[in-house]
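Every read-out reported here was derived from the displayed coordinates using simple, explicitly stated rules and does not represent laboratory data. Please read all numbers here as calculations on a predicted model, not as lab measurements. So basically every Cβ, Gly included, is an ideal-geometry build from the backbone, and we count neighbours across all protein chains shown.
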Amino acid sequence: MELLGNLALGFAAATTLEMLTVCFVGVLLGTFVGVLPGIGPLAAVAMLLPVSFHLPAEAALILLAGVYYGAEYGGSTASILLNIPGTPSASVTALDGFPMAQKGRAGVALVLTAIASFVGGIVGVIVMALLSPALAGFALQFGPAEYFAVMVLGLVAATVVGGRGIVRGLAMVCLGLLLGTIGVDVNSGATRFTGGIPDLRDGIGLVVVAMGLFGVSEVIASIRGNTRHKVSQPLNWRSLMPNREDWMRVPGPALRGSAVGSFFGTLPGAGQTVASFVGYAVEKRISRNKDQFGHGAVEGVVVPESANNAAAQTAFIPTLTLGIPGSTTMALMLGALMIHGITPGPRLITDHPSLFWGLVASFVIGNLMLLVLNIPLVGLWARILRVPNAMLYPIVAVLICLGVYSLRLNLFDVWLTLGFGLLGYAMRLWRFEPAPLLIGFVLGPMIEEYFRRAMLLSRGDPMVFFERSGSATLLGIAVALLIVAGLQPRKLIQRVFRSP
Amino acid sequence: MTLRRTFLICSAAALAASALPAVAQDWPERPVRILVSFPPGGSSDLVARLLAEHLGERLGQPFIVENRPGAGGTVAALALKEAAADGHTFMLSNLTPFGIAPTLFPDAGYDPIVDFTHVSYIGGVHLGLFAGAGLEIDTLDALITRAQSEPGMLDYGTSGVGSWGHIVSARFGALTETEMEHIPYQGSGPIRLDLQAGVIGLAFDAVPQNLPLVAEGVAIPLAVSAPERLDTLPDVPTFREAGLDLVAENWLGFSAPVGLDPAIAAKLDETLTDIMTLPEITAQFDTWGIVRVPMDGAAFAAFVADQYSAWAPMVEAAR
């Protein structure tokens, strides 16, 4: 019953007027920042950091955390309405969310997104409340070999998500991996594949690739007038709301997505990216509505959103209990804590109970606020689709350029984004999916780093990946997923050699 | 901040300004940029953001932190070199772009001494050699003996190839005639995770962020790279005490492009020195483990040049 006492303490800390206000400001700001293409939570958290100096530590963390998971909510809006995801996980939502919008069901997709996010967020919070003390040590069980195995699993899941066959998915993942090798080699410090361009020394930015492949290519397609036929969204309440059949398809996928997301979120770094892809791939295999995936399946929106938001919550476990941030945004939040003289670590929960449990309670409150906030906003967002293309897409293009430029204040990135837009358009003409490329690109550098670190530590013995039970199990799951995905080797070989 | 305090600070600033020559009197005329060579969130970035708040209050114009990470800080240093020397662009200068990168990358495109005005010293952190609890080594001598008896068997982490930890580790290897396996990481966070988990046995890493691990008993400090023992680790010997000529400080300061009006430089240095005596700032710097010795602008410029020439041979040796 210690948990109940702790939760009571947390809610007492988080329901003061001040805390409720900062929580609301945080999630509201996060929602809007998440909706704007190219401007992620990082920019908003960085801007708010000086404000948080003047707040007490609890309020500062609640505010910044609100922006962070509010942006996870908002991030799906642009990907559903316009097919412009800002993050790899949002690109999974776009796989089915955008087709839904094209069928005039944008409102339904957005409502389901809000609900799936809510379920994911709440499940994540429950996992965090119940298991944080126990899970604190979990990330320590993960050595380089296990991280490598998790990422292999993520890549396999990514090849499976694409609707157009495993070979095309594999090709895109490999292209992503290759793009990820551009920049400084971690182990030698040598620069690779930069063509002598200094701006490429640190590699290509994720937002550059995502905004180019999805956003700019969408804009180019709109010029040619070959965006798939857009059904205008009726704006009455009835057509914005999911129908009975839609509702029936929510609970199972939402809970499975939340479970997958909660697990992967606890792994610093790789977890959040992998969660949506793995959740989607699993659901696609076990769902009765397999054929609808990629054409606007309700499950295809619900699973990645619940997984993504559950992971966003459980990502706080390693951040707070080990002091290991999984992303730059998390690092900023740790910074805010450090300003207030609080050092994240195993003793944070016992030393600062009102901070930790107040944060947990604020997640529950914040997720409720987001739900209440987002359902009425659905009508507003759906209205965006009524803006004529000739006005909408130029605005989108400008927003993308601004967002990309704001990240590093580097004009080169803007040109590179436009270049990736052309690549994305070419891929669209030849019907290659950009989502697997994106995850290959994100995981490529990490997979290489962990693989080479594991090999350095084992002095070059590859058996290390099979001797450790954790990595052996994960690699086993990856192989199983490939087999279940219908990869029949003989058929595959025949297909490869026959294809022109 | 109460109105009265704002008023007092403003009038104090006005009084101070009246004694200075004309150009500096008008400074700052518009918002001032502080370039930071790290992404947002690191402790150096936080130093800049904290000082920017106070500078803005005292000098009447906002000081804005602009993160220009990349290429070992050379991106920010190049941007600073190309900015106008009118007192509206500064950089949070530090060891990597001004002491290491110019030697490591001869084509960096700037000279750390002649292209800049080094204005004001903030402070610095030192490096420690930490052993994971699982290694069961608790003195520097024990480590050296073990490393000599089993060459190439021990693993140590640093925050990357060409990082100060890597350069110091190479120097350590040369001085003690030991050979250990270098495991490069990207930044300090993952090193601490793997040191705790026992993936690596040793780490060459900045002292402050490892203090919680030391308090937990999961990391054992063997030696620090400071000239004297540190207040935060009073029982840990320096490398010098062990007979190894190894001193390394990751310093922080404010720098401007070459040709900055000396009056502006003096005014910024004075204001910063004042801010650095505020109890809230000293308390904050203490928790971050930033050590500060008094140093005026001219001494700081000489210090940067000294550090550059002291690091150059170590960097060359580590390449």
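A few points about this structure:
- Nearest-0.05 FRET efficiency for A:Thr473 and A:Thr181, computed from C-beta distance (R0 25 Å): 0.35
- Estimated distance in nm for a label pair at B:Ala215 and B:Asp274, the labels positioned 7 Å out from Cα along Cα-to-Cβ: 3.4
- C-alpha long axis of helix B:279-288 to longest principal axis of chain B, angle in °: 30
- Working note: Karplus 6.51/-1.76/1.60 with θ = phi - 60° gives region A:75-83 the couplings x, 6, 4, 5, 6, 6, 6, 10, 6 Hz, where Gly and Pro are set to x.
- Peptide-level mean, for B:64-72, of C-beta atoms on other protein chains within 10 Å: 4
- Cα-projected label distance for B:Glu316 with A:Ala190, points at 7 Å along beta-carbon direction, nm: 2.3
- Angle in degrees between helix B:262-275 and the longest Cα principal axis of chain B, rounded to the nearest 10: 60
- Estimated 222 nm signal from helices in the protein assembly as shown, with DSSP H stretches of n ≥ 4 weighted -39500 (n - 2.57), rounded to 500: -19500 deg cm²/dmol
- Once both labels are positioned 7 Å from their Cα atoms along Cα-to-Cβ, the gap between B:Gln61 and A:Ile395 label points is 3.6 nm.
- Antiparallel bridges, percent of DSSP beta bridges restricted to the protein assembly as shown (to nearest 5): 65
- In order along region A:120-134, phi translates into HN-Hα couplings of x, x, 5, 4, x, 5, 4, 4, 5, 5, 6, 10, 3, x, 6 Hz, rounded to whole numbers, per the Karplus curve 6.51 cos²θ - 1.76 cosθ + 1.60 with θ = phi - 60° and x for Gly and Pro.
- Axis angle, to the nearest 10 degrees, between helix B:297-318 and the longest C-alpha principal axis of chain B: 30 degrees.
- Amide hydrogen proximity for A:Gly165: with H placed 1.01 Å from N in the peptide plane, no residue at 5 or more positions away or on another chain lies under 5 Å.
- The DSSP beta bridges internal to chain B are antiparallel in roughly 60% of cases.
- Other-chain or far-sequence residues with amide H under 5 Å of B:Arg33's (modelled H): B:Ile64, B:Thr89, B:Phe90
- Relative compactness, region A:1-112, computed as alpha-carbon Rg over 2.2 N^0.38 Å: 1.26
- Förster radius 30 Å - calculated FRET efficiency between B:Glu29 and B:Ala302, Cβ distance, rounded to 0.05: 0.50
- Shape category assigned to region A:40-188 from the gyration tensor of Cα positions, a/c cut at 1.5: oblate
- Neighbourhood charge, 14 Å Cβ-Cβ cut-off, centred on A:Gly121 and excluding it, Lys, Arg +1 and Asp, Glu -1: -2
- Taking chain B and dividing mean pair separation by its residue count, relative contact order in percent (alpha carbons under 8 Å, at least six apart): 25
- Considering only region B:126-224, percent of DSSP beta bridges that pair antiparallel, nearest 5: 60
- Amide H within-cut-off set for B:Val119, under 5 Å, with H built and near neighbours excluded: B:Phe254, B:Ser255, B:Ala256
- Cα-based radius of gyration for the protein assembly as shown, normalised by 2.2 N^0.38 Å, reads 0.96.
- Vicinal HN-Hα couplings computed from phi for region B:145-152 (Karplus, 6.51 cos²θ - 1.76 cosθ + 1.60; Hz; Gly/Pro x): 4, 5, 5, 6, 7, 10, x, x
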